[in-house]
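The values are calculated or read from the model by the stated rules, or taken from the named source; none is laboratory data. This structure is a prediction, so every number in the text was calculated from the model and none was measured. As a convention, Cβ positions derive from the backbone with ideal geometry for all residues, glycine included, and neighbour counts pool all protein chains shown. Side chains included, ligands, DNA and RNA excluded: accessible areas come from the protein's heavy atoms. Shrake-Rupley method; radii C 1.70, N 1.55, O 1.52, S 1.80 Å.
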Amino acid sequence: MSNLLKHIVLFGMLFAVLGTEIFMGSKKEMTLATGQAMLLELVPRDPRSLMQGDYMVLRYKIAQTFEAGSPDKDGLLVVMLDDNGVATYKRVHSPVAPLTAGEHLLRYRKRGRGIRLGAESYFFQEGHAKYYSGAKYGELRVSELGDSILVGLRGQERERLGPPSLASAP
């Protein structure tokens, strides 16, 4: 292969990788900007990792509800939001059964015997565990297609958790 052809292939691969990264980043930014705010009740786990710093492994209660009769593949859940924005599981989404008013999609992934609903851990600055120890809800932004991004943790009264400067942000 000539030198010119090698350079063309190399730059083509570079542009493909960069294009994919830009597309995925813009998709996440769109979900953050326009996604439905949704709170998922948590069942927290161990809040420490010696290798990675302070973090909380998240386990969503809705995943436990769904796991008992979960199918063998990835898919979408249908959830309803109460007046406080807290999601409850309704059913597994079927393309032949359209969503009714107030229903939303939430993507899940089947991993081993467990169900994953997006971010499964929340990292925070070392020494800030005290601000997050009362976490009761994970706050997500969810696109119309069910893709979610974890944006924060909420307490018992659905208040934002974090250091005073972060918790008082809107």
Query raised in the report: Label points 7 Å out from Cα along the Cβ direction at ARG109 and VAL9: separation in nm?
Result: 3.1
Query raised in the report: If amide H atoms are built 1.01 Å from N in the plane of the peptide, which residues on other chains or at least 5 residues away come under 5 Å of the amide H of VAL151?
Result: GLU139, LEU140, ARG141
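Return the carbon/sulfur percentage of the accessible area of segment 62-133, one whole number, probe 1.4 Å, all protein chains in place. Let's see the in-between values first.
Details: 2110 of 4300 Å².
That share works out to 49 percent.
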Query - Vicinal HN-Hα couplings computed from phi for segment 88-99 (Karplus, 6.51 cos²θ - 1.76 cosθ + 1.60; Hz; Gly/Pro x) - result: 10, 6, 10, 5, 7, 6, 10, x, 7, 10, x, 5
Report summary line: Once phi for every residue in segment 13-21 is put through the Karplus expression 6.51 cos²θ - 1.76 cosθ + 1.60 (θ = phi - 60°), the whole-Hz ³J(HN,Hα) values, with Gly and Pro written as x, are 5, 4, 5, 5, 5, 4, x, 5, 4
Report task. Tabulate in residue order the Karplus-calculated ³J(HN,Hα) for segment 123-131, using 6.51 cos²θ - 1.76 cosθ + 1.60 with θ = phi - 60°, rounded to whole Hz; enter x for Gly and Pro. Result -> 8, 9, 4, 4, x, 9, 4, 4, 6
**Report entry** 5 angstrom amide H check on LEU42, placed H, neighbours 5+ away
**Finding:** LYS61, TYR137, GLY138
Query raised in the report: With each pseudo-label sitting 7 Å past Cα toward Cβ, what's the ASP83-THR65 distance in nm, one decimal?
Result: 1.8
